[in-house]
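The values are calculated or read from the model by the stated rules, or taken from the named source; none is laboratory data. If you're wondering where the values come from, they're calculated on a predicted model, not measured in any experiment. Positions of Cβ are generated from backbone atoms using ideal geometry, with glycine treated the same way; all protein chains shown enter the neighbour counts. Areas reflect the complete protein model, heavy atoms only, side chains present, ligands, DNA and RNA absent. Shrake-Rupley method; radii C 1.70, N 1.55, O 1.52, S 1.80 Å.
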Amino acid sequence: MCRRAMRARRDCRLTKSFAASGVCFSARARRSFLSVVRKRARQRSLLARRRRLTRSAFFAEGVCGIKRSLREIHGTVECLHCKPTAKGLPERAEGFYASVMARKKRALITGVTGQDGSYLVELLLAKDYEVYGLVRRSSVQSFERIGHVLARVHLLSGDLLDERSLVTALEEAQPTEVYNLAAQSFVKASWDQAVLTGEVTALGVTRLLNAIKTVDPSIRFYQASSSEMFGNTPHSPQNEDTPFYPRSPYGVAKVYGHWITVNYRESYNLFAVSGILFNHEGPRRGLEFVTRKISDGVARIKLGLARELRLGNLEAKRDWGFAGDYCTAMWLMLQQPEPRDYVVGTGRTHSVREFAAAAFREVGLDWRKYVKVDRSFLRPAEVHRLVADPRRVRSELGWKPSVSFRELVSLMVRADLRRLQPPEVVLVGERRSAARR
Ligand code: NDP
Ligand code: GDR
């Protein structure tokens, strides 16, 4: 379709929505309405482009746009307003720069030191966000996962257990978007620390929503909900309408977090969404989760640092994807015109046994020789099989995973091998593939 036809179609759509609002609609009103809409769209795209510029590139462009018009009219490239003087840039140019940058998107991430927090920081920085991260006090601060981007993130002290600290963090960051990734997120630990899990993973969401309501109700809010909420549901695959049947204190807490998000959206008209994400993994996954435990164990065995790998239930099945992809889905949810909840997963499920077999295969070993079942890793109540029905997120947000199950296993095993092997050791397989490259 040519550009003119596309514009005519867009105008027609806009006109219809304008007419549907019941306002008297003469031809003149329509023309002026369309000209305003087009002007705003032009301004928005100019603003978005300018926000991506560095300060020097911004000024080199000519801040007020006069540079371009002068060039067109008089063939000169000088801009009267932005031309630096002996005293520096004119006040007006500085003011304009400050006002454009003040409208830069700002995000606050709770749980920024976690697996997802680290991938989300990278994503938002790449999209030119001003990123703030909430960090709870600890005697030893570990920024292992975000060390490489630490200089570009503003860290604020706060805790989901303390509402006042959340209010202060919001006042400081003045975010346009808040991603609530903080949680006691290890399912097995939730039986040992059921009350703490409820305090952080469930009530922490209410505290954060209350803080948003107090500081700025226009903030867009993302809640990290979980496929663990489906637990023992007899329905498969699971989608946005599948009833919840949580099987752990963690799952129960996440169900609370989900419903309080929905409730605040409906009660206070907040832009609050809940992303029901299935298991997502990667080299930055915590070592206690089964995929990382396996990739780390396989690398240790391959390098002669361990002899066996002790696991719990090998028959449990999960829908595993790559964490980086899932952070894109979180961001997409907050860019929609209306708040809506989404299930995010690959739509394929594999057992722990299959994951282990694939991981050992990656380094040329047979898993049966090394994996031992250890009853101490079994859970009081197990979630046997989860698999997502991701049709809504695919059709409405255009999201799909970019890393397959095999690629994920390979990615994780190779990352652990690199991390653990002494610099002088080079694996035979790696040398061969390097030679091929
Ligand atoms: P991690 O366990 O890696 O990270 C959890 C984060 O929460 C850490 O940064 C931790 O900080 C922080 N945190 C814990 N307690 C508090 C508290 N009281 N106040 C402030 N921060 C706190 O989790 P993931 O990155 O894997 O997951 C992110 C979120 O997504 C979690 O809510 C999780 O439940 C949910 N989820 C995860 C899925 C997955 O497969 N990864 C799937 C579905 C949902 P610290 O570093 O100080 O411990
Ligand atoms: P999960 O992930 O409970 O799904 O929660 P985890 O990797 O801990 O367990 C997955 C399955 O593997 C079985 N399993 C083992 N698990 C662990 N941790 N260690 C073992 O040795 C072991 N052996 C077998 C488990 O029984 C289970 O069935 C993760 C977390 O990230 C949550 O925060 C998130 O909400 C859900 O994924 C979706």
Among residues of the range 342-378 being of a type in the set (V, I, T) and over 27 Å from the mean Cα position of the chain (by Cα), the residue most open to solvent (accessible area, probe 1.4 Å) is V373
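Of the residues that make up the range 198-209, is at least one of a type in the set (G, A, S), within 8 Å of ligand 1 (Cβ to nearest atom), open to solvent by less than 60 Å² (accessible area, probe 1.4 Å) and within 19 Å of Y264 (Cα to Cα)? Before you say what the answer is, go through the steps one by one.
Within the range 198-209, the subset of a type in the set (G, A, S) is 198, 202, 204.
If we keep only those that are within 8 Å of ligand 1 (Cβ to nearest atom) too, we end up with 204.
The next check asks that each one be open to solvent by less than 60 Å² (accessible area, probe 1.4 Å); those that pass are 204.
Within this subset, residues satisfying the condition of being within 19 Å of Y264 (Cα to Cα) are 204.
Yes: one or more hits.
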Meets criteria (touching a Lys or Arg at 6+ places or on another chain (Cβ under 7 Å), small (G, A, S) and assigned to a loop (DSSP other than H, G, I, E, B)) for A381 | yes
Looking only at helices (runs of 4 or more DSSP H) that fall completely inside the range 153-220, which ones have 2 or more residues that are away from ligand 2 (no atom under 16 Å from the Cβ) and touching a helix residue (DSSP H, G or I) at 6+ places or on another chain (Cβ under 6 Å)?
-> 163-173, 204-215
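Considering the range 150-161 alone, what residues qualify as being surrounded by 16 or more Cβ atoms within 10 Å (Cβ to Cβ), touching a residue at least 40 places away in the same chain (Cβ under 8 Å) and over 18 Å from the mean Cα position of the chain (by Cα)?
Here is the first cut: in the range 150-161, the residues surrounded by 16 or more Cβ atoms within 10 Å (Cβ to Cβ) are 153, 155-156, 158-160.
Next, only the ones that are touching a residue at least 40 places away in the same chain (Cβ under 8 Å) stay: 153, 155-156, 158, 160.
Matches in the range 150-161: L156, G158, L160.
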Limited to the range 298-315, what total is found for residues that are open to solvent by less than 40 Å² (accessible area, probe 1.4 Å), more than 9 Å from ligand 2 (Cβ to nearest atom) and touching a strand residue (DSSP E or B) at 6+ places or on another chain (Cβ under 6 Å)?
-> 0
Considering the range 169-195, residues that are within 11 Å of ligand 1 (Cβ to nearest atom) and open to solvent by less than 10 Å² (accessible area, probe 1.4 Å), and then whichever is farthest from M330 (Cα to Cα), we arrive at S190
Restricting the range 351-378 to residues that are within 10 Å of ligand 2 (Cβ to nearest atom) and not in a helix (DSSP H, G or I), the one farthest from F186 (Cα to Cα) turns out to be V371
Report, ordered by the first and then the second residue, all pairs with beta carbons closer than 8 Å, sequence separation of six or more or different chains, a first member in the range 274-291 that is within 24 Å of A202 (Cα to Cα), and a second member that is in a strand (DSSP E or B) and open to solvent by 30 Å² or more (accessible area, probe 1.4 Å).
-> H280/F322; E281/F322
Within the range 327-335, is even one residue assigned by TED's automatic domain parsing to the domain that holds N180, within 9 Å of ligand 2 (Cβ to nearest atom) and part of a loop (DSSP other than H, G, I, E, B)?
-> no
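When the residues of the range 379-397 are filtered to those that are out of contact with any strand residue (DSSP E or B) (no Cβ under 9 Å at 6 or more places or on another chain) and open to solvent by less than 60 Å² (accessible area, probe 1.4 Å), which remaining residue is farthest from ligand 2 (Cβ to nearest atom)? Can you show your working first?
Step one: filter the range 379-397 for residues out of contact with any strand residue (DSSP E or B) (no Cβ under 9 Å at 6 or more places or on another chain), giving 379-382, 394-395.
Add one more test, that the residue is open to solvent by less than 60 Å² (accessible area, probe 1.4 Å), and what stays is 381-382.
On the way: A381: 10, E382: 6 Å.
Restricting to residues being out of contact with any strand residue (DSSP E or B) (no Cβ under 9 Å at 6 or more places or on another chain) and open to solvent by less than 60 Å² (accessible area, probe 1.4 Å), the top hit is A381.
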When residues of the range 411-431 are filtered for being at pLDDT below 95 and touching a Gly at 6+ places or on another chain (Cβ under 8 Å), how many remain?
-> 1
